Amino acid sequence: MKLIQARIRGLGTLTESRWFDLSPHLNLFQFPDNNGQVYGENFLRILQTINPTYAIQTVKPFASFPKFIEQDGYPRRVNPTKRTVALAVFTATPSLVKRLGSISEWLYETDRIEVGRRLDYSRWINFVELAASTRWSEISADMQTLLDQVKRLAPNLTSPLTDIIPNLKPVDRIKNELQDQLLHWLQNLPPQLQKKSHQLIEKTSSAVMRADHFHTARHIVRTRLPLFVLLGGSDPDSASLHNLLQLISDRISPSGKKSSADAQAFLDELNEQLATLQFSGKILQLGRSQTGLSLNLDGKPVQMSADEPPSSLSQLQAKACLAIACSRLIYRTEPILLFAGPEQALPSTLHSELADFVNHISSTCQCLYSFSQVDIFSNDVLGRRYSASDLNMTNS
């Protein structure tokens, strides 16, 4: 899945943007010199909540957001269950469409998928231009046909449909209790009618079950969303590595329902992926000991925090490669890498190497890179460029 559009709706000192389009490769965001690094990092951190590497209910990234905003000169409480803070639109891959289509024929029409993260940390998923439930008007004629046949064959089985129909409006959605009632009625039609009108019953039952089918489809999409991995930033860049290692640990722990052999096979596959992602002649490998997992670079564990600048570049590269390998194996898709001004922690002599590395990995996975003063990329670099004014950034 590739991210094709996004928007953030921050609060307080954070920012709000319009919808902006994204390249499937490199995307550069420059923010004003004054606190530009802070704004850029906050911008990426909000986007990361679409599918972060951490447990969002534990980290609570929106905890500092204000509870009230001013509107027309009056304070208004923000409803966390209705305020969507991060929005993203993805394209569906052919393999995902095929998987979704096996649930329902309607889902073969999947093209774009919209995902949003609310202020209360709940996440919603919509299939753009596809209704997630059936209206009564779409099946009322078929249901009436079946009801007329039941009246002739088994009048005692017309209830409860005869009680339900008078209360339904054409725009009513078939879901929840109404779905259960209609499906139960359809499944208990007389045997002779089931044989005679098999196709009509099957077609109508499928329409009634549409809400359930889309619920199942959303679950599948959640397991295929690319990881949003933040690299760099004002905080020590240990969180990205810690969260990735925790994500892997959860997959191979006994509670993750993997046997010891399966867990080792999973780690072997990860190491095979890492072997294909070598950079600058470095060898990456994931190790396991009694104290837990560690990412090893040329046989030495990658530290949980950056130390000397040359080492921090190698660490950044190693974490990016682990993110790619992890996302490929767990989510079956490339991750989205969010670089929060890592050039600020490096001497200018390493800027060219950093730019080359980001350019290289952006050929296969999407990269969003925010910066303030120093632009390490050439003007003719392929991809999209945005300034804060391009995004129409405003205080909310």
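The values are calculated or read from the model by the stated rules, or taken from the named source; none is laboratory data. Here the structure is a predicted model, which means the values were calculated and not measured. Because the Cβ atoms are built from the backbone with ideal geometry, glycine has one as well, and the counts that use them run over all protein chains shown.
Taking the range 122-139 as the range and being among the hydroxyl-bearing types (Ser, Thr, Tyr) and either loosely packed, with under 15 Cβ neighbours inside 10 Å or under 13 Å from the mean Cα position of the chain (by Cα) (or both) as the test, the residues that pass are 122, 137.
Annotation: of all residues in the range 334-345 being closer than 18 Å to residue 245 by Cα and touching a Ser or Thr at 6+ places or on another chain (Cβ under 7 Å), the one that is surrounded by the fewest Cβ atoms within 10 Å (Cβ to Cβ) is 334.
Taken together, the criteria exclude residue 114 from residues that are in a helix (DSSP H, G or I), surrounded by 12 or more Cβ atoms within 10 Å (Cβ to Cβ) and at pLDDT 95 or above. Of all the numbered requirements in (1) within 26 Å of residue 47 (Cβ to Cβ); (2) without any contact (Cβ under 8 Å) to a residue 40 or more places away in the chain; (3) assigned to a strand (DSSP E or B), residue 286 misses one, and that requirement is (1). The condition (being closer than 18 Å to residue 223 by Cα, out of contact with any Gly (no Cβ under 6 Å at 6 or more places or on another chain) and not aromatic (Phe, Trp, Tyr)) is satisfied by just one residue among 152, 99: 99.
Per the conditions (1) surrounded by 15 or more Cβ atoms within 10 Å (Cβ to Cβ); (2) in contact with a Lys or Arg (Cβ under 8 Å, 6 or more places away or on another chain); (3) assigned to a loop (DSSP other than H, G, I, E, B), the sole criterion not satisfied by residue 142 is (3).
This table checks each residue for (1) in the same structural domain as residue 231 (by TED's automatic domain parsing); (2) within 21 Å of residue 317 (Cα to Cα); (3) touching a Cys at 6+ places or on another chain (Cβ under 9 Å); (4) buried (at least 19 other Cβ atoms within 10 Å of the Cβ).
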residue: 351; (1), (2), (3), (4): yes, yes, no, no
residue: 354; (1), (2), (3), (4): yes, yes, no, yes
residue: 358; (1), (2), (3), (4): yes, yes, yes, yes
residue: 362; (1), (2), (3), (4): yes, yes, no, yes
residue: 366; (1), (2), (3), (4): yes, yes, no, yes
residue: 370; (1), (2), (3), (4): yes, yes, no, yes
residue: 381; (1), (2), (3), (4): yes, yes, no, no
residue: 384; (1), (2), (3), (4): yes, no, no, no
residue: 389; (1), (2), (3), (4): yes, no, no, no
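Identify the residue in the range 1-57 that is of a type in the set (Val, Ile, Thr) and farther than 26 Å from residue 68 by Cβ and, among all such residues, is modelled with the highest pLDDT. Among them, the one singled out is 4.
Would you check if residue 133 is under 15 Å from residue 217 (Cβ atoms) and of a type in the set (Ser, Thr, Tyr)? Spelling it out, residue 133 is indeed under 15 Å from residue 217 (Cβ atoms) and of a type in the set (Ser, Thr, Tyr). Here is the figure for the range 328-380: residues that are in a loop (DSSP other than H, G, I, E, B) and either farther than 30 Å from residue 251 by Cβ or out of contact with any Pro (no Cβ under 8 Å at 6 or more places or on another chain) (or both) total 16. Which of the residues belonging to the range 261-277 are in contact (Cβ under 8 Å) with a residue 12 or more places away in the chain and not in a helix (DSSP H, G or I)? Within the range 261-277, just 277 meets the criteria.
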